[in-house]
1. Just for segment 150-178: of the residues that are surrounded by 17 or more Cβ atoms within 10 Å (Cβ to Cβ), outside any strand (DSSP E or B) and hydrophobic (A, V, I, L, M, F, W, C), which one is modelled with the highest pLDDT?
2. From the set of residues in segment 184-204 that are at pLDDT below 90 and touching a Pro at 6+ places or on another chain (Cβ under 7 Å), which is surrounded by the most Cβ atoms within 10 Å (Cβ to Cβ)?
3. Out of (1) surrounded by 14 or more Cβ atoms within 10 Å (Cβ to Cβ); (2) outside any loop (DSSP other than H, G, I, E, B), what's the single condition that is false for Leu115?
Amino acid sequence: MIEWRPLCIYDDFLMTNTPLNDRDDGPWYKQFWAWFVLAPLIIIMMVWIPFLTIVVKNADDTVIDNYYKEGRMINQRVDQDRRARELGLTGELFLDLDVGDILLTIETSDAEYQLPSEIELHLDHPVEADNDLVIQLKESVPGRYLAELDKPIKNRWYVRLLPPVADAEKVGSTHPDKDEEIAAEVWRITGEMNVQDGTRLLFGGDE
């Protein structure tokens with residue numbers, strides 16, 4: 001004779017067919033699906049964080065944040081270049097990398113202009129502003145200036161020669177009327193030098 005156990009069968013059915021939402025499979029971090037989703041994101045973050053750190057740390061220093069201020073000074077720099085041409089400044093800059101000496105020879109076609117006793121040499125790195133150099137060239141004899149390199153240099157540099165006027169690049173940019181007399185004495189000679197190709201820079205005249 002068959003014994004009917006409807007309640008027991010129903011209980012067994014419930015135990016073996018528990019909905020997935022009601023199953024306790026442990027903490028989420030022990031589940032395969034969690035790491036399957038999170039692992040790629042974690043790997044991307046591990047790769048990008050060092051990369052972003054390098055990018056921020058070595059950001060291009062030649063990018064100028066204040067474009068308005070830079071634009072306002074363009075006219076002043078043009079005036080300085082024109083002043084150098086008016087004075088007929090010509091000469092040669094020579095870097096002796098073997099001994100670290102700098103020699104500047106310069107002359108003017110303006111008989112009334114007297115060359116300063118010192119001239120500032122700016123060696124601007126094309127990428128890293130922290131490597132820029134400002135060197136004071138002192139007159140040894142009229143038209144001849146000497147100095148020493150503070151450290152060895154390589155590759156390409158932007159060259160600027162300026163008279164020893166305080167903040168020469170800013171003269172006339174904020175108060176042109178007050179600085180008119182000083183601005184008349186401010187000139188600028190620019191060039192570019194790749195020391196791997198040569199260490200002489202000619203300026204003025206036919207260059």
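The values are calculated or read from the model by the stated rules, or taken from the named source; none is laboratory data. Just so it is clear, the structure is predicted and the values come from calculations on it, not from any experiment. Glycine gets a Cβ as well: all are built from the backbone with ideal geometry, and neighbour counts include every protein chain shown.
1. It comes out as Ile153.
2. Val186
3. Of the numbered conditions (1) surrounded by 14 or more Cβ atoms within 10 Å (Cβ to Cβ); (2) outside any loop (DSSP other than H, G, I, E, B), the odd one out for Leu115 is (2).
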